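Everything below concerns the one structure shown next.
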Amino acid sequence: MASSEHPAPAGAGGAAAGAAPVATRASRRSSGSAALREFRPEIQGLRALSVGVVVIYHLWPGALPGGFIGVDVFFVISGFLISGHLLGELRRTGKVAIGSFWARRIRRLLPASLLVLVVTLVATLIWVPLSNRADELVNIGASALYAINWVLANNAVDYLAQNNADSVVQQYWSLAVEEQFYVLWPLLLMGTVLVAGWVLRRRIDADSWKSLRPFVVGVLVLVFAASLIYSIYLTATRPGAAYFNTFVRAWEFAAGGLASVAVMWLADRRKLDRSSRGMRVVSAVVPWVGVALIAVSAYTFSGALPFPGIVAAIPVVGALLVLLVDPPASERFGLRTVSAFWPVKSIGKWSYSIYLWHWPIIVFFPLVFGVGIGIKAGIALGLLSIVVGALSSRFVEDPARYNRWWAAKRIRSYAFALGVPALIVAVIAANMTFIQQSIDEAANQATTQLEQPCYGANGILDQGACPDVFTATEPIDTAYASQDLDPNWCLVQLDNVWRNCTYGDPKGPNGTIAIVGDSHAAAMTPSFDEYFKTQGWRVVTYTRFGCPGLTTVPEQMVGKDAAEQIACTDWTKDVLADIESRDDIDVVAYTDWSRAYFTSDDPGQLQAFRDEIDANWSAVQASGKDVIFVRDVPGNSVGDVPTCLAGITVPAAAPCSNPRQKAIIDDTVLQAVAQNGDIPLVDTSQYFCTDETCMTFVGGVVTYADNNHMSNTYARSIAPHLGRDLTAAIESFGR
């Protein structure tokens, strides 16, 4: 998150005796804004606390599970300082010099952030495996364009991207939010000035603050209320997307803005005696209460909370309690005194650079050295983040911020803000083009090899003729493997209601088979398509991300939030009704990530799961359709398979494989198959497993495109074998 400096004090000239009334008005106008321009050490202490909890959270999430709230505190600080700066200028001049403001923001924020981004780009090209490199390049490009938060928000509702590891530029999401705030906030204030001038029927000038202030407060309250309501709503319905959404976070900036107006107002009234006993108690205690709220939030919150939503109000209030109280400097144990200590003050000053550098240091350490982060390594990385942050602040932030040549013409700042990101994006585009060409070539090569006797599943089913079918003898193209999923999957997304498609032989002279299930069913669809289009069968799909299509009871979708439970079960009801009403469907093949659903330690609950699944299958059977269940692909415990394979040294026998006893389990859905008694089970384990081991690399093909979905190439390689098994099951019904 961007660290917003205190604006430098404006100069104040003397006045001749005859101009005393004018000087008095100027004095009144500047008194409130001076309260914000005064350097306040406790704000540096607040920054030091915020960056500290974030760094600790990233190093040891279990030690400080709510450390992510440090970002929210920074948002409040930025709203307070930037609003104070803009409003101070507004009350002194009656306008905001937006162009100059943006140029100062560029000089303050972008030199350090773009330097870290360039270093991260180079490190990505050197150390990030090919299996993840394309995604990371996209993220770096989005960071350069100040839009990474929207990419991450989209990934949060993209089922396939939900299990992705944190990006190497994950920390830039909050910078993007702040940069968007810096663009929109002065425009909002100037819009307020225009509206106020229209309503008041007067030109807003340096003497208009008293009349203008209610409009400013009204707009800030409106932004605060609308954003908070939206935050609560989106956090409840789409929590992943809500976390990175700029409009969900706007209320935190507005809260800081309202605090800045309050501080100005209090300073203008000149009725508070800060030296009185009561005020000394307030100024000594209240900021520490704010610090306590932030600390308790960092220690007690976790990723299981619906965040941000209303829960974020606790650390936000904590930050406001620090910002609203302007204590005297004479307090011995006050927050201002503690914040003035060199270590606290320095970390606060360096907080922006520390935040920028700590994440790539943490992320690339395991990639470079091949080891995890323990206590000793974590302490070393934390100290290194502080040292590098201090150097970056001293030799990058400060020179760029105060350089007279750069500040002389705004065009230089704007050229930098546009030119360097453009260069970064150009480098990324060149690398993405190279990667995509390699992927396209690999895809074409895979298509030509599908019928080779030892390629893919052909090899595992004829191990006698293919003795090295599980051995990687040369480096694996993991860039292709990580992208080896059908980009046009016919899947209902998390935020959609209905979609189905037709595969196989569109005319279907011999019949129609429907596929029902989740994304694992969609990953298996190429097998159905490849085989049945040569057999005169039409294939129709009913597939939805994260939804097995087996239950109409929301509570039985264990592990899903309320919105997902309802969306999934409503879709399942529609699927059942559609299938039962269609006379053209002959066979319904169910398949899904069955081990991921219907889990419980209660035997009675498990039986309820089986009964409801069986009842839904029985309803389909009663409508004249035959039902088949295709066993899911074996489970995988090695994480993202292409990434795992990217780290092997060839030759490697059975790399990244899994013990069969863990990969093949008798889950609740399979038990429901047995309970029904009239549903053939088509077992896919023979295409992946020996008697003891289930493979992730078979016959030169990576079997999984991520940590659980079968790759498109492998699905096509099993097509003739799975097709024959499906045909046998269909023939068992007498069709």
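Descriptive notes on the structure:
- Based on alpha-carbon atoms, the Kirkwood radius and the radius of gyration of the stretch 29-427 give Rg/Rh equal to 0.96.
- Those lysines that a straight Cα-Cα span of less than 26 Å connects to Lys345, excepting residues fewer than 8 apart in one chain: Lys376
- Against the chain, whose longest principal axis is taken from its Cα atoms, helix 410-449 shows a tilt of about 10°.
- Folded to 0 to 90 degrees: helix 375-392 orientation relative to the chain principal axis, Cα: 50
- Counting beta carbons within 10 Å around each of Phe365, Phe598, Phe253 and listing the fewest first gives the order Phe365, Phe598, Phe253.
- Integer Hz, Karplus 6.51/-1.76/1.60 couplings in order for the stretch 594-599, x for Gly and Pro: 4, 5, 8, 10, 6, 9
- For the pair Ile375 and Asp583 in one chain, pulling the backbone fully straight at 0.36 nm per residue adds 68.5 nm over the alpha carbon distance.
- Amide H contacts for Val698 (H built 1.01 Å from N in the peptide plane; partners 5 or more residues away or on another chain; cut-off under 5 Å): Thr703.
- Arranged from fewest to most other beta-carbon atoms within 10 Å of their beta carbon, Phe244, Phe364, Phe341, Phe528 become Phe341, Phe364, Phe244, Phe528.
- Simple label model, 7 Å out from Cα along Cβ direction - Ile229 to Val138, nm: 3.5
- Förster radius 56 Å - calculated FRET efficiency between Ala674 and Thr300 (Cβ-Cβ, nearest 0.05): 0.80
- The stretch 455-611 shape via C-alpha gyration tensor axes, a/c threshold 1.5: oblate
- The residue list Gly79, Gly699, Met190 was ranked by how far each Cα lies along the charge dipole of the chain toward its positive end, using unit charges on Cβ atoms, and Met190 comes out on top.
- Percent of beta bridges antiparallel (DSSP, the chain, rounded to nearest 5): 40
- Global size of the chain: 30.9, 110 Å for Rg and Dmax (C-alpha atoms, Rg to one decimal, Dmax whole).
- For the pair Asp486 and Ile310, a Förster radius of 30 Å applied to the C-beta separation gives a FRET efficiency near 0.15, rounded to the nearest 0.05.
- Cβ-based charge dipole, the chain, positive-most Cα from Val151, Ala123, Val285: Val285
- Gained length - Val221 relative to Thr448, 0.36 nm times residue gap less alpha-carbon distance: 75.4 nm
- Within the stretch 519-537, backbone nitrogen closer than 15 Å to the virtual label 7 Å beyond the Cα of Arg724 toward Cβ: 531-532
- Shape class of the stretch 358-452 from the alpha-carbon gyration tensor: oblate, with a/c at 1.5 or above and b/c at least as large as a/b.
- Rounded to the nearest whole Hz, the Karplus-based 3J(HN,Hα) values (6.51 cos²θ - 1.76 cosθ + 1.60, θ = phi - 60°) of the stretch 186-203 follow the sequence x, 5, 5, 5, 5, x, 5, 4, 4, 5, 4, x, 5, 5, 7, 6, 8, 7, with x at glycine and proline.
- The chain - mean residue ellipticity at 222 nm from DSSP helices (-39,500 (n - 2.57) per run, n ≥ 4, rounded to 500): -20000 deg cm²/dmol
- Residues whose amide H lies under 5 Å from that of Val627, counting only those 5 or more places away or on a different chain, are Val588; hydrogens are built 1.01 Å from N in the peptide plane.
- Of Val216, Thr235, Ala142, farthest towards positive along the dipole that unit charges on Lys, Arg, Asp, Glu beta carbons give the chain: Val216
- Sequentially through the stretch 166-174, phi angles give Karplus couplings (6.51, -1.76, 1.60; θ = phi - 60°) of 4, 5, 5, 10, 4, 5, 6, 4, 6 Hz, Gly and Pro residues having no value and appearing as x.
- Relative to the dominant Cα principal axis of the chain, helix 20-37 is inclined by about 40°.
- Simple point charges give the picture: +1 on the Cβ of Lys and Arg, -1 on the Cβ of Asp and Glu, and for the chain a dipole about the Cα centre of about 6420 debye.
- Computed lengthening from Val650 to Val286, 0.36 nm per intervening residue step minus Cα-Cα distance: 124.8 nm
Just so you know, all these numbers are worked out from the coordinates, no wet-lab data involved. This one's a predicted model, so the numbers in the text were calculated from it and none came from an experiment. Heads up, the Cβs are rebuilt from the backbone with ideal geometry, glycines too, and the neighbour counts pull from every protein chain shown.
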